[in-house]
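Engineer: My structure is below; once you've seen it, I'll send some questions.
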Amino acid sequence: MAGRARKTKQLSPPPAGLAKCPTGIHGLDEITLGGLPRGRPTLVCGGAGCGKTLLGMEFLVRGATDFNEPGVCLSFEETAEELAANVASLGFDVNTLIAQKKLAIDHIYIERSLIEETGEYDLEALFVRLGYALDSIGARRVLLDSIEALFAGLDDEGILRSELRRLFRWLKERGLTAIVTGERGLNTLTRHGLEEYISDCVILLDHRVTDTVLTRRLRVVKYRGSTHGTNEYPFLIEDDGISVLPVTSADLKHAASAERISSGVPVLDAMLGGKGYFRGSSILVSGTAGTGKTSLTAHFVDAACARGETCAFFSLEESPAQLIRNMRSIGIDLGLWVEKGLLQFHAARPTAFGLEAHLVKIHRIVRDVAPSIVVVDPVTGLLNSGTASEARSMLLRLIDFLKQNQITTLMTTLTGGSDALEQTEVNISSLVDAWLLLRDIESGGERNRGLYILKARGIAHSNQIREFLLTDRGVELREVYLGEAGLLTGSARVTQEAKDASEALAARQEIERRQFLLERKRKALDAQIAALQLDLETEEQESRQLIAQDEVKVNKWEEDRSQMARSRAPQTDIEEGAGRNAKTRGGRK
Amino acid sequence: MTKPERPGGKDPRAKWELTLYVAGQTAKSLVAFANLKRICEEHLAGEYHIEVVDLLKNPQLAKGDQILALPTLVRKLPEPVRKIIGDLSNTERVLVGLDLRPRTSKGGS
């Protein structure tokens, strides 16, 4: 009790004139905006076994230990020893408190068969006994549990009723804050109509079994002169008392931190605008079985613990030992942080208790441990207990509660293989700030993992899919192959990349080949041209030689002719003409 | 009227040990005491011893005998312990309560 960290929330002050008496019970003071009406009796009613007596006893014990207000219990059903033994299971050491004069228990017992009523009487002895007990320890609080037992012990109901009326007035006159318990009747709050006399504040306790799971609920039926939470609030009886789960979602007033914290995976941080998540935001990681949700979570936790932050890990599927072993296989040693006290595991099967009970438990641990990170893995387990709308509202409360405390929450959900990936979480997706989707990408006879960021409020996040690899050094995110063949991952991606490379090489070689061919052709043609040129030159030369020879011949012949002419002298005409012709030929050359 | 006191003296041989619990001298307590004395004189003369406990003076004594209503008459002897509440104005029922008359309406011990 003493070590119980108590973070009392800032409550709006009660209206002037109505003083409140804090009960010290987790959540109840929030619902009643400060506690029970001070100096007045409060009726706590409910069926058998719903926790009336425990609530009353916690009111007294907390009063004695936390608020320095001693209390008296008038027990009409159980002896002081029985009461002490019963509440010892909640960690209340009643006997020590009695020895310290902070608590007094008086067991009032009526055996009807041993009592004969003969005429007028009153219940003054009850007042005397209560007054004596009150005065002996200076009590400020009273528990009457449960005064209706008197109806079974006494015949004269008229006297009893008037005496009860007097008793409650007497309590008020003495300024005592009292809890009066009463068994629930068929159509009335209490079997004998105690609500007639106690109308300042009435609290109704209830327990119901839904799908074999018991859920306890508490409702403030009326609270004269004060506003109060009007819903049914689930509550738990735990090893350190009662915890009521208040709805805090009515107002959206939580502060928004601009601080960013790493997701533990650098590439993912880069996808989240380079800095990671917002502190105090709620993050959902969804995916089908075996997509690495828990591994991604482990990275986040590892990074947080490495920064020296505390983390509460609610595991609903795996035992802590199993988780630690499994995460070692990807190179994350969560056991180290557990040893250092930074990481606390709380493992329980979802079916161990109802949805509300889980959430109350989370509330309580969060309040006691005050972690900066909370992980629920997987939250699906909780969603399956109770109806969808119940689950949703419960989760809403949880998220709001954690946000108000600036706690970053990471939840995982399992998507069924047959469900549409983004459908089942629609229920809760609007509640979360960031939503990562892990999915299998099946191709080429392989299943590979892909990661998207479906949403990240207030973060300029990547719209790209990344291939998600689990290696012995942790999670790695790779760019996926996006080409003509579509989206490829895993070995298909590797194959495709190799294929692309070889294709590129082949194309390069082809170009080179063509260039080589072209060059060769050019060279061949050049050679031909040179040969032809050579031919031409040869021919030209030959032709010139022939011409020269002919000229020589012609000259020679002319020379011979002229010699002959000269030698024959007058006889000429024909020879002269011939001689002219010869000359023309020679001049033409 | 008369102050409640211990009539009959401290007789160690008293067969009937009776304690009357009251809270101050209220009308009811005075009537009860008068009725008790009358009944004892009529039915248990010389065999009874009455002790009157005023809870306003000794409030701690109420716990021991589980006193709730006032006035309450407790028959301590003979065993078993019996309690009769009220001003003892119904003599018949007082006699039944003291086991001086057989029970009719209620289940006995």
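Engineer: Restricting to the stretch A:306-357, give me the number of residues that are of a type in the set (A, V, I, L, M, F, W, C), assigned to a loop (DSSP other than H, G, I, E, B) and surrounded by fewer than 22 Cβ atoms within 10 Å (Cβ to Cβ).
Structural biologist: Number of matching residues: 5.
Engineer: I need the full set of residues from the stretch A:103-124 which are surrounded by 21 or more Cβ atoms within 10 Å (Cβ to Cβ), closer than 30 Å to A:Arg174 by Cα and hydroxyl-bearing (Ser, Thr, Tyr), in order please.
Structural biologist: Passing the criteria: only A:Tyr121.
Engineer: So, of the residues in the stretch A:440-480 that are assigned to a loop (DSSP other than H, G, I, E, B) and among the charged types (D, E, K, R), which turns out to be surrounded by the fewest Cβ atoms within 10 Å (Cβ to Cβ)? It would help to see each step written out before you state the result.
Structural biologist: Applying the first criterion (assigned to a loop (DSSP other than H, G, I, E, B)) to the stretch A:440-480 yields A:444-445, A:457-465, A:472-473, A:480.
Now narrow it down to the ones that are among the charged types (D, E, K, R): A:457, A:472-473.
Numbers: A:Arg457: 13, A:Asp472: 8, A:Arg473: 10.
Ranking the candidates gives A:Asp472 first.
Engineer: When you go through A:Ser89, A:Ser113, A:Ser146 one by one, which is the residue that is within 14 Å of chain B (Cβ to nearest Cβ) and among the hydroxyl-bearing types (Ser, Thr, Tyr)?
Structural biologist: On the way: A:Ser89 fails: within 14 Å of chain B (Cβ to nearest Cβ); A:Ser146 fails: within 14 Å of chain B (Cβ to nearest Cβ).
Exactly one residue qualifies, and that residue is A:Ser113.
Engineer: Of everything in the stretch B:57-71, what is more than 7 Å from chain A (Cβ to nearest Cβ) and buried (at least 16 other Cβ atoms within 10 Å of the Cβ)? Give them in sequence order.
Structural biologist: B:Leu61, B:Asp65
Engineer: Being charged (D, E, K, R), part of a helix (DSSP H, G or I) and crowded, with 24+ Cβ neighbours inside 10 Å is the filter here; which residues of the stretch A:125-147 pass it?
Structural biologist: A:Arg129
Engineer: What are the residue pairs meeting all of these: first residue in the stretch B:19-46, first residue within 13 Å of chain A (Cβ to nearest Cβ), second residue among the charged types (D, E, K, R) and part of a helix (DSSP H, G or I), Cβ atoms under 7 Å, and 6 or more apart or on different chains?
Structural biologist: Partner pairs satisfying both residue conditions: B:Ala23/A:Glu124.
Engineer: Looking only at residues that are touching a Phe, Trp or Tyr at 6+ places or on another chain (Cβ under 6 Å) and not basic (Lys, Arg) in the stretch A:199-239, which one is surrounded by the most Cβ atoms within 10 Å (Cβ to Cβ)?
Structural biologist: Ranking the candidates gives A:Leu218 first.
Engineer: Give me the residue from the stretch B:80-101 that is of a type in the set (Asp, Glu) and over 15 Å from A:Ser113 (Cβ atoms) and, out of that set, surrounded by the most Cβ atoms within 10 Å (Cβ to Cβ).
Structural biologist: Within the stretch B:80-101, the match that is surrounded by the most Cβ atoms within 10 Å (Cβ to Cβ) is B:Asp87.
Engineer: Give me the residue from the stretch A:24-75 that is over 36 Å from the mean Cα position of the chain (by Cα), crowded, with 24+ Cβ neighbours inside 10 Å and of a type in the set (Val, Ile, Thr) and, out of that set, farthest from A:Ile137 (Cα to Cα).
Structural biologist: The residue in question is A:Val44.
Engineer: Kindly indicate which of A:Gly35, A:Gly47 is closer than 16 Å to A:Tyr233 by Cβ, in contact with an Asp or Glu (Cβ under 9 Å, 6 or more places away or on another chain) and of a type in the set (Gly, Ala, Ser). Give the derivation first.
Structural biologist: Values: A:Gly47 fails: closer than 16 Å to A:Tyr233 by Cβ.
One residue alone meets the criteria, A:Gly35.
Engineer: Let me ask something else. Quick check: anything in the stretch A:36-53 within 14 Å of another protein chain (Cβ to nearest Cβ), more than 25 Å from A:Asp156 (Cβ to Cβ) and part of a helix (DSSP H, G or I)?
Structural biologist: No, there is no match, as no residue in the stretch A:36-53 is within 14 Å of another protein chain (Cβ to nearest Cβ), more than 25 Å from A:Asp156 (Cβ to Cβ) and part of a helix (DSSP H, G or I).
Every read-out reported here was derived from the displayed coordinates using simple, explicitly stated rules and does not represent laboratory data. Note that the structure is predicted; figures quoted are calculated from it, not measured. Cβ sites come from the backbone with ideal geometry, for glycine too, and all protein chains shown count toward neighbours.
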